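Following: one structure in structure tokens, then a few remarks.
The values are calculated or read from the model by the stated rules, or taken from the named source; none is laboratory data. As the structure is a prediction and not an experimental result, all values here were calculated from the model. Neighbour counts run over all protein chains shown; Cβ positions are idealised from the backbone, glycine included.
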Amino acid sequence: MFQIRIHGRGGQGVVTAAEMLSVAAFKEGRHAQAFPSFGSERTGAPVVAFCRIDDREIRLREPVMQPDALIIQDPTLLHQVDVFSGLAKDGYIMINTTRTFDALGIGEFVRKFDPAHLCTVPATELALKHVGRPLPNAALLGGFAAATGRISLASVTDAIRETFSGKVAQGNVAAASEAFEHVRKEIGEAAHA
Amino acid sequence: MLKQIEGSRAVAEAVGLCRPEVICAYPISPQTHIVEALGEMVKAGQIERCEYINVESEFAAMSVAIGASAAGARAYTATASQGLLFMAEAVFNASGLGLPIVMTVANRAIGAPINIWNDHTDSMSQRDCGWIQLFAETNQEALDLHIQAFRLGEELSLPVMVCMDGFILTHAVERVDMPTQSQVDAYLPPFEPRQVLDPAEPVSIGAMVGPEAFLEVRYLAHAKQMRALELIPGWAQEFRDAFGRDSGGLMHTYRCEDADTIVVALGSVLGTVKDTVDEMRDRGARIGVLGITCFRPWPSAAVRTALGRARRVVVLEKSLAVGLGGIVSTNVRTCYSGNPDSVHTVIAGLGGRAITRASLARMLDTALEGRLEALTFLDLDKPLVERALAREREQRRSGPIAESILRDLGTVASKVT
């Protein structure tokens, strides 16, 4: 079983991201479960959503406390919420930012993780460029596909098209595709560093 | 057809396939997505000959459902928590009149303190209201139970409550197999009411009954529920034959054959319990799970058989009978052949508190060692409780409990789970 925890703020499409990820996994014939952290969400408040992916039926209903991957949609949460709680040493971290881990003030902290599993994606900028709104969720899923290889970009874009329609779908697909390429390059550079 | 959709959406689509004629509801979390989806489906013409009625309260929702059902329409509503309490008088009327309304209860805690999260206090508060109560373990079972509920309710002329865990199921997106319209049509015949308000053949429904026959009317209500116990297993079998799935029935057993210890629970927590039990089995523990699907009528004989040779029973329940302990465990004790002291009550998951494998394994290990108390509150924050108790000992005007305990706890927004 592969478990993903997504952190963001109310209004950033955190719950939708988890749902789209589960749809992408479903399209690959896998079992997936997406659920929110069940708060009374308000715009701007910290929000958490979860996704589990497995090859067999998922019965477990507890929150994801030991994630295999973290997607952080809003870097301002880093110093407010214990987002890294329970993350395994070989876990993936993907942060929506134009800055580096060092510039975010967590360079030292993330040194214990596999550098090939650490990614930054300028997802808000990509969303503004392709969708016209600062909703980073779809772009981050494209980045997630590239970073983890757990899901194909095609399944992610299928899930985006199922969730949105028309221009919004197109824009999000473009944002996810560009994020996918961005992360692929980033990982390549990390491997050669 | 396999779909990856939200539990609420799955239930709404299943209800639509049952060809309801009147849907009346008042929104309340976590039920809202179900009735919103049904409202959209009716408006889009996806449910033929169905009227969606916006009502001003839950009391009105159940009252409209009563009127619709008495007029011979297949009626559906949904609610949760305070909404269920607000309609309570009409809930008793629906069953007392024998009207086969189907209602989803998206299970949620009851205030005060106000809490929107999941537990079973709402449904349990109405356990003796005369409705059939079915509890879903997964979203697949939730949607399947609705199809069975219309069949069961209409055959017996009794209302049916389908209980599904709020948020944990209603807001979870997972795989479901959605049946086709023709499959549902073949399983669920058109509604043929036993009583109907028809101007061509006038009758009155809802007579006042005095001491001369009230007992008899109540006896007949009980007899009907006992009849349900006979019918439900057969219909679940028929459902299995038609849809290829094991959904509904009175109960589900899991690894109980040689079990010394059996965990009894209702609803979505059963999945986490099964995963925990698998881990304990790997360590050599002889432990199994009994999931109660049909809570009312209470399947005494079947529970007695299922608990058979177990030496220890742990009842995990998401509701608290304040001043007594467990509700489900009190029911279990009535049909456990062993020592009643071997039936333990574990109160867990109140107000949305997560029930984790780690906590379950710790508690069940304690049970296997023979050290589990008669009544346990899983993961109770004892220091927090002690501070509140100390405050009350030390000062007369100790203030409101909920506010004080939140101050003691500090900010919770920084916590992940």
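In the stretch B:287-303, the residue that is surrounded by the fewest Cβ atoms within 10 Å (Cβ to Cβ) out of those that are touching a residue at least 40 places away in the same chain (Cβ under 8 Å) and of a type in the set (Val, Ile, Thr) is B:VAL303.
Do we have any residue at all in the stretch B:382-395 that's closer than 25 Å to B:GLU279 by Cα and either away from every other protein chain (no Cβ under 14 Å) or among the aliphatic types (A, V, I, L, M) (or both)?
Here is the first cut: in the stretch B:382-395, the residues closer than 25 Å to B:GLU279 by Cα are none.
No; the residues of the stretch B:382-395 include none that is closer than 25 Å to B:GLU279 by Cα and either away from every other protein chain (no Cβ under 14 Å) or among the aliphatic types (A, V, I, L, M) (or both).
Which count do you get for residues in the stretch B:332-348 that are among the polar types (S, T, N, Q) and crowded, with 22+ Cβ neighbours inside 10 Å? Write out each step before concluding.
So the first thing to find is which residues in the stretch B:332-348 are among the polar types (S, T, N, Q), and the list is B:334, B:337, B:339, B:342, B:345.
Now narrow it down to the ones that are crowded, with 22+ Cβ neighbours inside 10 Å: B:345.
The qualifying residues number 1.
Among the listed residues B:ILE34, B:ILE23, B:ILE47, B:ILE28, identify the single one that is surrounded by 24 or more Cβ atoms within 10 Å (Cβ to Cβ), at pLDDT 95 or above, assigned by TED's automatic domain parsing to the domain that holds B:ASP165 and not in a strand (DSSP E or B). Going through B:ILE34, B:ILE23, B:ILE47, B:ILE28 in turn, the sole match is B:ILE34.
Any residue at all in the stretch B:230-241 that's away from chain A (no Cβ under 14 Å), of a type in the set (Lys, Arg), out of contact with any strand residue (DSSP E or B) (no Cβ under 7 Å at 6 or more places or on another chain) and loosely packed, with under 12 Cβ neighbours inside 10 Å?
No, every residue in the stretch B:230-241 fails to be away from chain A (no Cβ under 14 Å), of a type in the set (Lys, Arg), out of contact with any strand residue (DSSP E or B) (no Cβ under 7 Å at 6 or more places or on another chain) and loosely packed, with under 12 Cβ neighbours inside 10 Å.
When residues in the stretch A:105-120 are screened for being surrounded by 19 or more Cβ atoms within 10 Å (Cβ to Cβ) and either in contact with a His (Cβ under 6 Å, 6 or more places away or on another chain) or in a helix (DSSP H, G or I) (or both), 1 of them pass.
Using the structure shown, decide if B:GLY291 is within 14 Å of another protein chain (Cβ to nearest Cβ) and either under 30 Å from B:ALA221 (Cβ atoms) or at pLDDT below 95 (or both). First the steps, then the outcome.
On the way: within 14 Å of another protein chain (Cβ to nearest Cβ): yes; either under 30 Å from B:ALA221 (Cβ atoms) or at pLDDT below 95 (or both): yes.
Yes, satisfied.
Filter the stretch B:317-352 down to the residues that are touching a Lys or Arg at 6+ places or on another chain (Cβ under 6 Å), modelled with pLDDT of 95 or more and not polar (S, T, N, Q), then identify the one that is farthest from B:LEU250 (Cα to Cα).
Narrowing the stretch B:317-352 to residues touching a Lys or Arg at 6+ places or on another chain (Cβ under 6 Å): B:335, B:340, B:342-343, B:349.
Now drop any that are not modelled with pLDDT of 95 or more, which leaves B:342-343, B:349.
If we keep only those that are not polar (S, T, N, Q) as well, we get B:343, B:349.
Values: B:VAL343: 20, B:GLY349: 23 Å.
By that ranking, first place goes to B:GLY349.
Consider the stretch B:261-276 and keep the residues that are out of contact with any helix residue (DSSP H, G or I) (no Cβ under 8 Å at 6 or more places or on another chain) and in contact (Cβ under 8 Å) with a residue 60 or more places away in the chain. The one that is farthest from the other protein chains (Cβ to nearest Cβ) is B:GLY267. Among the residues of the stretch A:73-89, just one is modelled with pLDDT of 95 or more and among the charged types (D, E, K, R), namely A:ASP74.
Residues of the stretch B:109-136 that are under 10 Å from the mean Cα position of the chain (by Cα) and over 22 Å from B:ALA228 (Cα atoms): B:ASP119, B:HIS120, B:THR121, B:ASP122. Checking each residue of the stretch A:14-26 against the condition of being at the interface with chain B (Cβ under 7 Å from one of its Cβ atoms) and in a strand (DSSP E or B) gives no match. Take the residues of the stretch B:290-304 that are of a type outside the set (D, E, K, R) and touching a Cys at 6+ places or on another chain (Cβ under 9 Å): which is farthest from B:ALA136 (Cα to Cα)? Within the stretch B:290-304, the match that is farthest from B:ALA136 (Cα to Cα) is B:ALA301. Here A:ALA32 passes the criteria (1) modelled with pLDDT of 95 or more; (2) more than 8 Å from chain B (Cβ to nearest Cβ) except the one numbered (2). Does B:SER125 satisfy the criteria of being over 21 Å from B:GLY83 (Cβ atoms) and either more than 14 Å from chain A (Cβ to nearest Cβ) or of a type in the set (S, T, N, Q) (or both)? No: the conditions fail for B:SER125.
Based on what the data block shows, is B:ASP282 free of Cβ contacts under 8 Å to residues at least 40 places away in the same chain and either within 14 Å of chain A (Cβ to nearest Cβ) or touching a Gly at 6+ places or on another chain (Cβ under 9 Å) (or both)? Even if it seems obvious, please write down each step before you answer.
Working: free of Cβ contacts under 8 Å to residues at least 40 places away in the same chain: yes; either within 14 Å of chain A (Cβ to nearest Cβ) or touching a Gly at 6+ places or on another chain (Cβ under 9 Å) (or both): no.
Here the answer is no, as B:ASP282 does not meet what is asked.
Considering the conditions (1) buried (at least 23 other Cβ atoms within 10 Å of the Cβ); (2) away from chain A (no Cβ under 14 Å), B:ALA321 is excluded by exactly one of them, (1). The residues of the stretch A:64-84 that are over 17 Å from A:PHE101 (Cα atoms), within 9 Å of chain B (Cβ to nearest Cβ) and surrounded by fewer than 19 Cβ atoms within 10 Å (Cβ to Cβ) amount to a single one, A:MET65.
Restricting attention to the stretch A:36-65, the residues that are without any contact (Cβ under 8 Å) to a residue 24 or more places away in the chain and in a strand (DSSP E or B) add up to 1.
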